[in-house]
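Enquirer: First, the structure itself, so that you have it in front of you.
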Amino acid sequence: MAAKRHSIKGTDRRKATTVRLDPRLQGNLALLSQILKKPLNRLVNEAVESFLERRSAEVESDLQQILDRVRATRRADPKFEAAIGTLVDAEATLGAEDPAEGRTQRNAGPVQTMVHQLLRD
């Protein structure tokens, strides 16, 4: 597989990058480099390109599955009535245990006072 090069105006835009490799991987890369008679840099670029292609395809598949589930949910309940019902039931069931439910703060600071005024307007 030939490595793809991205260039701007015909200039190679490669950038030196420091990466810490496990010594075992470094040894295996050096050996492979000697056997294949390819520079380490080329082998690393080929490996990273292969990894990115594979992982990108996996991520794309995962995202497509999530999108399909969201679409199916929206088709099954376009106005989110079931979700709203679940929220209402949870509020009704757990509302009494909410420490902030139905209570006002007596000693509100300036920011809280401003927010309360904005909410009343």
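The values are calculated or read from the model by the stated rules, or taken from the named source; none is laboratory data. Note that the structure is a prediction, hence the values are computed from the model and not measured. Cβ coordinates were reconstructed from backbone atoms using ideal geometry, including for glycine residues, and neighbour counts include every protein chain displayed.
Enquirer: Return the pair list, or none, for Cβ contacts closer than 9 Å from residues in region 55-78 that are hydrophobic (A, V, I, L, M, F, W, C) to residues that are assigned to a helix (DSSP H, G or I), at least 6 apart or on different chains.
Expert: Listed by first residue and then by second, the contacts come to ALA76/ALA82.
Enquirer: Can you find a residue that is at pLDDT 90 or above, touching a helix residue (DSSP H, G or I) at 6+ places or on another chain (Cβ under 8 Å) and assigned to a loop (DSSP other than H, G, I, E, B) anywhere in region 21-35?
Expert: yes
Enquirer: What residue, of LEU119, LEU63, is modelled with pLDDT of 80 or more, of a type outside the set (S, T, N, Q), surrounded by fewer than 10 Cβ atoms within 10 Å (Cβ to Cβ) and part of a helix (DSSP H, G or I)? Before you say what the answer is, go through the steps one by one.
Expert: Details: LEU63 fails: surrounded by fewer than 10 Cβ atoms within 10 Å (Cβ to Cβ).
Within the list LEU119, LEU63, the selection yields LEU119.
Enquirer: Condition (residue is surrounded by fewer than 10 Cβ atoms within 10 Å (Cβ to Cβ), in a helix (DSSP H, G or I), of a type outside the set (A, V, I, L, M, F, W, C) and at pLDDT below 80) applied to region 93-102: is it met by at least one residue?
Expert: Checked against the condition, which is being surrounded by fewer than 10 Cβ atoms within 10 Å (Cβ to Cβ), in a helix (DSSP H, G or I), of a type outside the set (A, V, I, L, M, F, W, C) and at pLDDT below 80, region 93-102 yields at least one hit.
Enquirer: For LYS15, all conditions in the list (1) in contact with a Ser or Thr (Cβ under 9 Å, 6 or more places away or on another chain); (2) at pLDDT below 95 hold save one; what is the number of the exception?
Expert: Condition (1) is where LYS15 drops out.
Enquirer: Read through the list (1) at pLDDT 95 or above; (2) assigned to a helix (DSSP H, G or I), then give the number of the only condition that LYS38 fails.
Expert: Condition (2) is where LYS38 drops out.
Enquirer: Continuing with this model, one more query. Tell me, which residue of region 73-92 that is surrounded by fewer than 10 Cβ atoms within 10 Å (Cβ to Cβ) and either part of a helix (DSSP H, G or I) or at pLDDT 85 or above (or both) is farthest from the chain's Cα centre (by Cα)? Spell out the reasoning first.
Expert: Residues of region 73-92 surrounded by fewer than 10 Cβ atoms within 10 Å (Cβ to Cβ): 75-76, 78-79, 81, 92.
Cutting the leftovers down to either part of a helix (DSSP H, G or I) or at pLDDT 85 or above (or both) gives us 75-76, 81, 92.
Numbers: ARG75: 25, ALA76: 27, GLU81: 29, ALA92: 34 Å.
So the residue we want is ALA92.
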